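*Asks:* To start, I am sharing the structure in question, which I have written as structure tokens.
The values are calculated or read from the model by the stated rules, or taken from the named source; none is laboratory data. Since the structure is predicted, the reported quantities are computational estimates derived from the model, not experimental observations. Cβ coordinates were reconstructed from backbone atoms using ideal geometry, including for glycine residues, and neighbour counts include every protein chain displayed.
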Amino acid sequence: MDFKLFSQALKKFIVGLIIIAALLFIPAGTLDYPNGWLFIGLLFIPMFIVGLILMITDQDLLKKRLNAKENESTQKLVLLLSGLMFISSFILAGLNFRFSWIKLPETIVMIASILFLLGYVMYMEVLRENKYLARTVEVDANQKVIDSGLYGIVRHPMYTSTILLFLTMPLILGSIYSFIICLIYPIIIAIRIGNEEKVLENELDGYVQYKQKVKYRILPFLW
């Protein structure tokens, strides 16, 4: 086992858990925020499991997933906008609980939780299908076009899964205001895809032909 990689992954996991917990529970003014705990469980338990699986089966992919440093200026803007969106949505969710602005029905929370888990299953399948899947926009020296499985349906199934995850997230937290903020996310992803596909067309052999074969980016028959 690569203990340095394990330590790096564990550190990022713990830091992420602390930050999200702080962004939720400090604005909520209490630890007795059931939706907050539900979300943390739904997010971090699968994340821990996926991390362990990658640690055992594909450490190179885990290294790529841990690297979030972008070189493209457009992608740096995408990261900034995404970060601002997440921070504001978490804080608003906590404040919504604290001041009881609007309480969503438990039915919506449970349906959102199920959809969130389905989004995570899709995310895991994408990781299984594409060993080149870095968090940053880059092309490996020996990278090949993946055109089977989910990649035979849409060109960016990872973004399909993250849209499902991030649009259900505020509903799990019980905040319609956070949901409205997260509606910005598909726009952010559209910006990211536009820049990413230019890079792939220029640097990845066969990607232009792949675009002709698979017409849709993230949603079949829509876009």
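*Asks:* Pick out, from region 85-197, the helices (runs of 4 or more DSSP H) lying fully within it that include 3 or more residues that are acidic (D, E).
*Replies:* By residue number, 106-129.
*Asks:* So A112 ticks every box in (1) out of contact with any Phe, Trp or Tyr (no Cβ under 8 Å at 6 or more places or on another chain); (2) in contact (Cβ under 8 Å) with a residue 40 or more places away in the chain; (3) small (G, A, S); (4) surrounded by fewer than 18 Cβ atoms within 10 Å (Cβ to Cβ) but one. Which box is left unticked?
*Replies:* If we test A112 against (1) out of contact with any Phe, Trp or Tyr (no Cβ under 8 Å at 6 or more places or on another chain); (2) in contact (Cβ under 8 Å) with a residue 40 or more places away in the chain; (3) small (G, A, S); (4) surrounded by fewer than 18 Cβ atoms within 10 Å (Cβ to Cβ), just (4) comes out false.
*Asks:* Looking only at region 138-167, filter to residues that are over 20 Å from I111 (Cα atoms) and free of Cβ contacts under 8 Å to residues at least 24 places away in the same chain; which one of those is surrounded by the most Cβ atoms within 10 Å (Cβ to Cβ)?
*Replies:* I146
*Asks:* Next question, about the same structure. Considering only residues of region 1-51 that are in a helix (DSSP H, G or I) and charged (D, E, K, R), which is farthest from the chain's Cα centre (by Cα)?
*Replies:* Out of the qualifying residues, it is K4.
*Asks:* For region 11-60, what are the residues that are farther than 27 Å from L164 by Cβ and surrounded by 13 or more Cβ atoms within 10 Å (Cβ to Cβ)?
*Replies:* Selection gives I26, G29, Q59.
*Asks:* Condition (residue is closer than 24 Å to S82 by Cβ, surrounded by fewer than 19 Cβ atoms within 10 Å (Cβ to Cβ) and modelled with pLDDT of 95 or more) applied to region 168-179: is it met by at least one residue?
*Replies:* Looking for residues that are closer than 24 Å to S82 by Cβ, surrounded by fewer than 19 Cβ atoms within 10 Å (Cβ to Cβ) and modelled with pLDDT of 95 or more, one finds at least one in region 168-179, hence yes.
*Asks:* Can you tell which of F6, F13 is closer than 24 Å to E125 by Cα, without any contact (Cβ under 8 Å) to a residue 60 or more places away in the chain and touching a Gly at 6+ places or on another chain (Cβ under 7 Å)?
*Replies:* Of the residues listed, the single one that is closer than 24 Å to E125 by Cα, without any contact (Cβ under 8 Å) to a residue 60 or more places away in the chain and touching a Gly at 6+ places or on another chain (Cβ under 7 Å) is F13.
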